[in-house]
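Student: This is the structure I want to talk about, given as structure tokens.
The values are calculated or read from the model by the stated rules, or taken from the named source; none is laboratory data. Quantities reported herein were computed from a predicted structural model and do not represent experimental measurements. Glycine gets a Cβ as well: all are built from the backbone with ideal geometry, and neighbour counts include every protein chain shown. The area values use the complete protein model at the heavy-atom level, side chains included, leaving out ligands, DNA and RNA. Shrake-Rupley method; radii C 1.70, N 1.55, O 1.52, S 1.80 Å.
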Amino acid sequence: MTHFFETYGAMLVQAILVHLAYVVTSVAAATVVALVLGILLSRAPSIARWMMPVISISQTIPGIVFIGILYLYLGMEPITAFTALAIYAVFPILKNTYAGLLGVEEKYKEAARGCGMSPRQILFKIELPLAMPTIFAGIRMSTVYTVSWAVLTAMIGLGGLGEFVYRGVSTNNSTLTVTGAIPAAIMAIALGALVDWIQKKVTPRGLQEVKD
């Protein structure tokens, strides 16, 4: 075991940091894009009626196929992995943002209008806070998925924990495979817990008490 970590220890640390960077940056960018698109689509039901099914179909495209296509155009650069992961990460957050906003009961919005709130105030003070649990469920789902999707970046030489997984599979070395798989699983659990913690911090206290 000591010899293994002497040989692969530095490589493992670097792979974890690269993997984490891919996940955090792509999910952060995807969250911003998904929130904006989700809000816009919730205001344009005629467009959302055909766009949401298209998004669902797009999500079924295998990740390795999409990364391979981007690789042909963008080359072996970190932006290739970031772009592919960010696009895939958008889908769960977008769908949950759209569903969460549509799920806000009309009576709350009517009460806000009666209090003289503008549409912007209703969005940020009523709709988004009430939709927060659904939105964060999408962010959590997207984060966990992205940890696994990021393994594919190793197939085009862009690092991450997938390097250990694929090297282990190709050489029939289970130790290498597990060395890549276990940190990825721990990362998914830890980032999921972090998303839950952030949700508690940004959710208004009154809504937390109602939920409890």
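Student: Within region 93-187, report the GluC sites (Glu not before Pro) that DSSP leaves as loop and that have at most 15 other Cβ atoms within 10 Å.
Tutor: Taking region 93-187 and a limit of 15 other Cβ atoms within 10 Å, the loop GluC sites (Glu not before Pro) found are Glu105.
Student: Which residue fluctuates the most in the chain, going by a Gaussian network model with Cα springs under 10 Å, if the choices are Thr175, Thr143, Thr60?
Tutor: Of the options given, Thr60 has the highest mean-square fluctuation.
Student: Something else: So with the 1.4 Å probe, I'd like the accessible area per residue for region 1-147, rounded to whole Å².
Tutor: Roughly 54 Å² per residue, with all protein chains present.
Student: Calculate for the chain the 222 nm mean residue ellipticity that helices alone would give, adding -39,500 (n - 2.57) per DSSP H run of length 4 or more and normalising by residue count, nearest 500 deg cm²/dmol.
Tutor: -27500 deg cm²/dmol
Student: Where the centroid of each part is defined by its Cα atoms, how far is region 89-133 from region 16-85 in Å?
Tutor: First find each Cα centre; the distance between them is then 23 Å.
Student: Let me ask something else. Could you tell me the relative contact order of region 1-121? Use alpha-carbon pairs under 8 Å, at least six residues apart, and round to a whole percent.
Tutor: 40
Student: So, one more: If I require 24 Å or longer along the helix axis, counting alpha carbons, and a Kyte-Doolittle average no lower than 1.6, what helices from the chain are left? Use full DSSP H segments.
Tutor: Taking the DSSP H segments of the chain (at least 24 Å long, mean hydropathy at least 1.6), we get 2-42.
Student: Can you tell me, using C-alpha contacts under 8 Å and at least 6 residues apart, the relative contact order of region 162-206 as a whole percent?
Tutor: 26
Student: A further question follows. Would you look at the GNM of the chain, springs on alpha carbons closer than 10 Å, and say which of Ser26, Ser118, Ser58 moves the most?
Tutor: Looking only at Ser26, Ser118, Ser58, the biggest GNM fluctuation is shown by Ser118.
Student: For an R0 of 35 angstrom, estimate the FRET efficiency from the Cβ-Cβ distance between Val169 and Thr203 and round to the nearest 0.05.
Tutor: The pair Val169/Thr203 has a calculated efficiency of 0.25.
Student: Relative contact order, percent, of the chain when contacts are C-alpha pairs under 8 Å separated by at least 6 residues?
Tutor: 25
Student: What residue among Ala34, Ala21, Tyr8 has its Cα farthest toward the positive end of the dipole of the chain, where the charges are +1 on Lys, Arg and -1 on Asp, Glu, each on the Cβ?
Tutor: Of the candidates, Ala34 comes out farthest on the positive side.
Student: Run the accessible area of the chain with a 1.4 Å probe and give the carbon-and-sulfur part as a rounded percent.
Tutor: 69
Student: Once a ≥ b ≥ c are taken as the square roots of the eigenvalues of the Cα gyration tensor of region 151-193, is the result rounded (a/c under 1.5), prolate (a/b larger than b/c) or oblate (a/b not larger than b/c)?
Tutor: Here region 151-193 falls in the oblate category.
Student: Hey, another quick one. Between Val195, Val165, Val65, find the one with the highest GNM mean-square fluctuation for the chain; connect C-alpha pairs within less than 10 Å.
Tutor: Largest GNM mean-square fluctuation: Val65.
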